[in-house]
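These notes are about the structure you will find just below.
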Amino acid sequence: QQKKKVSAQNASLTFKIPKSNFSDWYDELMVTAGIVDKDHWDTKGMPIFLPYGYSMHLAIMKLVEDDFSKMGVKQYQFPAFIPKSFLTREADHVKGFESECFWHEDKMCLRPTSETAIYSMFHIWVKSVEDLPLMVMQTCNVYRYETKNTKPLIRVREIPWNEAHTAHATREEALDVLEQFWGCVHHIFTDQLSIDGLRLRRPEWDKFPGAEHTDVLDIVMPCGRVLQSVGAHYLGQHFSKVFDIKANGENSYMTCIGISTRALAAVLSMHGDDDGLVLPSVIAPYQIIIVPIIGKKPDQELLTKLDEMKEQLINAGFRVRVDLNPQKRPGEKYYYYQMKGVPLRIDFGSRDLKENKFVLVVRAIEGKKEYSLDQLVPACQEALRNYDEQLKQRAQAHLKSRVVDCDDINKIPEILQQGGFARIPYFTMGKEGAEGANRIHDLCNAEIRGWQPLEQQPGEGVTCIVTGKPAKFWAYVARSY
Ligand code: PR8
């Protein structure tokens, strides 16, 4: 009977929804793994961030802050309320955001983004070229009155993010800083979080309000829909003209970039599996869980050794936890930490102590392996390196398999059925291209997400599959969040 009870408990700890049912899998995992509480608060799109999830969001924000700091961007904190008179100054910007603002009676709104707040101060801080470049960032919350379906981390109304804003004396310098931001994005998303996406330049009809051009990182989610996970914008002189930001008589050239909880959403979605979370080591709250195999009687020698192992691993820089809870059997603990996505698990009991060995289990990658206790630190180091590398390779293979060339407009729906991007030859990314994009949207509810600015575009003789005109761009079509 004892056995039966334990397996029933195991069942409740085992993650039940297969990832192939992505949307339900995601929602359930958010709650079961302790990422957010979305069901006990009555305001749409404002879930409560719980410690396990929030610590990972903070870890990502720290990666962003560290990389941006290295570029010379400094941290600030601006007020959340923006006077209406600031927000309405740049015409496109206000058109884009007016309906997304939470307005307050006193003609203020909760910032939907902080261009207008920050640039009203740039106007005061920038006096001469010596004040340039001016590069600021803040990790804060912004507020958007989202009307589409909200979803934890992916589409919320109170958005935790990091936004950076820069002003420069020349166009070249501003564009160069945007490339540096993209270097950071690659370092953070690919090298550290082991995920991959396409950097796309949005078409003219789909730019950030007030931008000259908009580049995004679009990530193909497991359900096949894409998630815009970074937005980086070249603002040219639009805002510096309306906010009168001038050094030595010349309007500054400006850029901005924003990275929100969508980064964490993409990471959890990409790597997770049917058993729950799979976390890249850089953000895993614990990288190693030690599960002792303890009998009824406490074995002092074993407990001392466990302490020693923990200390050795902590000294080597790992985040480690030992689960000594006597109420739970090792099997239950295995399921639990598997669901929580802890990268490495060490099983260790009195017999292992006698034989001077330990058992290492790597989440989602390989089964049990035994090592000598003398190898504790190097074995864990290598296993974790391998694990992150495997996650990266999986994510890259996933992306590669989800970009499919398409030479016939009627084949787009079939390609998108599999999920990901259809790459099509298209005649323009200028405003005139919007009509063709609408045709595609009517056909299969998908959008032209943009083109890759670093990719060679089609040469002579390639024809646009929507209009029959000469194709100037490889356009990426996908369904989105
Ligand atoms: C800017 N200004 O605002 P952006 N929930 C979660 N994440 C979101 C949401 C939401 N409702 N809406 C947008 N994001 C510029 C750059 C300062 C910073 C995420 O740009 O409107 C998306 O990943 O593109 C988006 O790309 C990013 O915030 C930045 O927002």
**Q.** So Arg171, is it charged (D, E, K, R), within 27 Å of the chain's Cα centre (by Cα) and surrounded by fewer than 21 Cβ atoms within 10 Å (Cβ to Cβ)
**A.** no
**Q.** Any pair with Cβ under 6 angstrom, 6 or more apart, that starts in segment 177-204 at a residue that is within 14 Å of Val216 (Cβ to Cβ) and ends at one that is β-branched (Val, Ile, Thr) and buried (at least 18 other Cβ atoms within 10 Å of the Cβ)
**A.** Leu178/Thr255; Phe181/Ile257; Val185/Val230; Phe189/Ile195; Gly197/Ile219; Leu200/Val216; Arg202/Thr214; Pro203/Ile448
**Q.** Pair list, Cβ < 7 Å and 6+ apart or interchain, from segment 401-417 residues that are of a type in the set (Lys, Arg) to residues that are at pLDDT below 95
**A.** Arg402/Gly419
Q: Look at Ala265 and say whether it is at pLDDT 95 or above, within 23 Å of Arg385 (Cβ to Cβ) and under 15 Å from the mean Cα position of the chain (by Cα).
A: no
Q: Could you grab the pairs with beta carbons closer than 8 Å, sequence gap of 6+ or different chains, first residue in segment 350-378 and part of a loop (DSSP other than H, G, I, E, B), second one small (Gly, Ala, Ser) and surrounded by 15 or more Cβ atoms within 10 Å (Cβ to Cβ)?
A: Arg363/Gly341
Q | Criterion (at pLDDT 95 or above and charged (D, E, K, R)) met by exactly one of Asp131, Asp92, Asp42, Asp106 | A | Asp131
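Please give the strands (runs of 3 or more DSSP E) falling wholly within segment 417-481 in which 2 or more residues are touching a strand residue (DSSP E or B) at 6+ places or on another chain (Cβ under 7 Å) and farther than 24 Å from His398 by Cβ.
421-426
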Q. What residue, of Val216, Val242, Val220, is touching a residue at least 24 places away in the same chain (Cβ under 8 Å) and within 14 Å of the ligand (Cβ to nearest atom)?
A. Val216
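Matching residues to (1) among the hydroxyl-bearing types (Ser, Thr, Tyr); (2) farther than 28 Å from Leu399 by Cα; (3) in a strand (DSSP E or B):
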| position | (1), (2), (3) |
| --- | --- |
| Gln138 | no, yes, yes |
| Lys148 | no, no, no |
| Trp161 | no, no, yes |
| Ala164 | no, no, yes |
Q: Within segment 65-84, identify whether any single residue is within 15 Å of the ligand (Cβ to nearest atom), closer than 23 Å to Ala211 by Cβ and more than 24 Å from the chain's Cα centre (by Cα), and answer yes or no.
A: yes
Q) What do you reckon, is Thr147 surrounded by fewer than 22 Cβ atoms within 10 Å (Cβ to Cβ), more than 14 Å from the ligand (Cβ to nearest atom) and either over 29 Å from Met46 (Cα atoms) or among the polar types (S, T, N, Q) (or both)? A) no
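The values are calculated or read from the model by the stated rules, or taken from the named source; none is laboratory data. Quick caveat: nothing in here was measured; it's all calculated off a predicted structure. Positions of Cβ are backbone-derived with ideal geometry, glycine not excepted, and every protein chain shown enters the neighbour counts.
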